[in-house]
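The values are calculated or read from the model by the stated rules, or taken from the named source; none is laboratory data. Please read these numbers as outputs of a predicted model, since none were measured by experiment. Note that each Cβ is placed from the backbone with ideal geometry, even for glycine, and that neighbours are counted across all protein chains shown.
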Amino acid sequence: MAISGFAVACATACTNPIDVVKTHAQATSQKSANLLRVSERLIERRGVRALAQGLGPALTRAVVYGGARLGGYEPVLRAIGPRMEGGEWDASRPRVWTALAAGATSGAMASAALNPTELIKTRMQREGGTLREHLERVVREGGMKTLWRGSALSVARSATLTATQVATYGEAKRRVVESGIAKEGVGLHFAVAMVTGLVTTATTNPVDMVKTRVYVADGSREKPSVARVVSVVLREHGPLGFWRGFGANWLRLGPQTVVTFVVAEFLRDKLGLGAM
């Protein structure tokens with residue numbers, strides 16, 4: 001969990017500016033969500049420092065949440081693997097469905113516990129301000145329970161993200177190594193992680209889009225529901241609206257996945273834990 005948390009924190013530090021742009025692209029009601037235009041408008045209004053908004057809670061969340069969802073994957077896998085695969089169980093070669101189930105479980109548990117950090121981070125990226133200001137505002141709007149607003153969406157996204165990340169990365173790397181195309185090393189980890197980043201972005205962007213809208217909604221108005229947000233997105237942008245911010249999301253999630261797995265693999269090797 002320590003290795004996973006550190007690896008995710010390194011990736012988060014590198015990609016936070018892209019995450020800020022992605023959040024603004026998804027939250028805006030303007031027809032155009034072009035990344036360059038969104039970036040220009042943000043910098044014009046708040047300066048270059050706006051790209052660092054939410055970095056504090058993002059790093060805190062990365063260490064704790066990232067460590068829990070990725071670090072918890074292997075223990076969960078070993079717990080459910082024998083029951084799902086029976087006598088054919090091999091921890092080093094889990095079936096894709098077993099890896100998906102283990103990743104979804106560890107991701108969902110981590111997200112359910114740490115939803116407040118995601119909510120505060122998203123609001124800080126969207127509006128600026130300090131962690132304390134947003135925390136007090138959220139609690140004032142609806143009490144402590146408001147910190148878990150959108151938690152169902154966060155859990156769904158985290159479960160999907162973790163499941164597709166670990167299953168895609170593990171299966172793709174295993175097949176490449178077994179085919180003799182490449183051997184274990186930074187080059188292989190980099191290439192497989194880039195493909196993994198594309199897969200996870202495609203599967204999580206719709207949920208991420210709705211989650212962002214729910215998180216940045218003003219709590220003084222009617223409480224936003226998933227159905228209400230989905231209806232607004234469809235009315236304003238059509239079905240493709242759920243992939244708003246996809247470019248920024250992939251620009252963030254692609255490199256983040258690469259840095260996360262490359263750093264994690266390096267540390268695991270140095271500590272004698274073996275490849276992922």
| request: Sort out which residues of the stretch 149-168 are hydrophobic (A, V, I, L, M, F, W, C) and either more than 24 Å from SER92 (Cα to Cα) or in contact with a Leu (Cβ under 7 Å, 6 or more places away or on another chain) (or both), and write them in order of number. | output: ALA152, LEU153, VAL155, ALA156, ALA163, ALA167
| note | So, first residue part of a helix (DSSP H, G or I) in the stretch 258-275, second residue at pLDDT below 90 and of a type in the set (D, E, K, R), Cβ within less than 9 Å, six or more apart or across chains; the pairs are GLU265/GLU184; ASP269/GLU184
| message | Of everything in the stretch 132-147, what is surrounded by fewer than 16 Cβ atoms within 10 Å (Cβ to Cβ) and in a helix (DSSP H, G or I)? Give them in sequence order. | response | ARG132, GLU133, GLU136, VAL139, ARG140, GLU141, GLY142, MET144, LYS145
| task | List every residue pair whose Cβ atoms sit under 6 Å apart, with the two residues 6 or more apart in sequence or on different chains, where the first one lies in the stretch 98-119 and is under 21 Å from PRO82 (Cα atoms) and the second, anywhere, is not in a helix (DSSP H, G or I). | result | SER106/GLY72
| Residues of the stretch 135-148 being within 24 Å of PRO206 (Cβ to Cβ) and touching a Lys or Arg at 6+ places or on another chain (Cβ under 8 Å), which ones? | none
| query | What pairs come up if the first residue lies in the stretch 74-94 and is part of a loop (DSSP other than H, G, I, E, B), the second is of a type in the set (Gly, Ala, Ser), and their beta carbons are under 8 Å apart, counting only those six or more places apart or on different chains? | reply | TRP89/GLY81; ALA91/GLY81; PRO94/GLY81; PRO94/ALA102; PRO94/GLY170
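For the stretch 194-208, state whether one or more residues are under 27 Å from GLY67 (Cα atoms), more than 19 Å from the chain's Cα centre (by Cα) and either assigned to a helix (DSSP H, G or I) or among the aliphatic types (A, V, I, L, M) (or both).
For the stretch 194-208, residues under 27 Å from GLY67 (Cα atoms), more than 19 Å from the chain's Cα centre (by Cα) and either assigned to a helix (DSSP H, G or I) or among the aliphatic types (A, V, I, L, M) (or both): absent.
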| query | Among the listed residues LEU51, LEU77, which satisfies the condition of being within 25 Å of the chain's Cα centre (by Cα) and surrounded by fewer than 21 Cβ atoms within 10 Å (Cβ to Cβ)? | reply | LEU51
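Only one of TRP250, TRP243 is more than 18 Å from ALA11 (Cβ to Cβ) and among the aromatic types (Phe, Trp, Tyr); which?
TRP243
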| request: Could you look through the stretch 150-183, keep only residues that are basic (Lys, Arg) and out of contact with any Lys or Arg (no Cβ under 8 Å at 6 or more places or on another chain), and pick out the one that is modelled with the lowest pLDDT? | output: LYS183
| field | TYR65 at pLDDT 85 or above, among the hydroxyl-bearing types (Ser, Thr, Tyr), surrounded by 16 or more Cβ atoms within 10 Å (Cβ to Cβ) and in contact with a Ser or Thr (Cβ under 6 Å, 6 or more places away or on another chain) | value | no
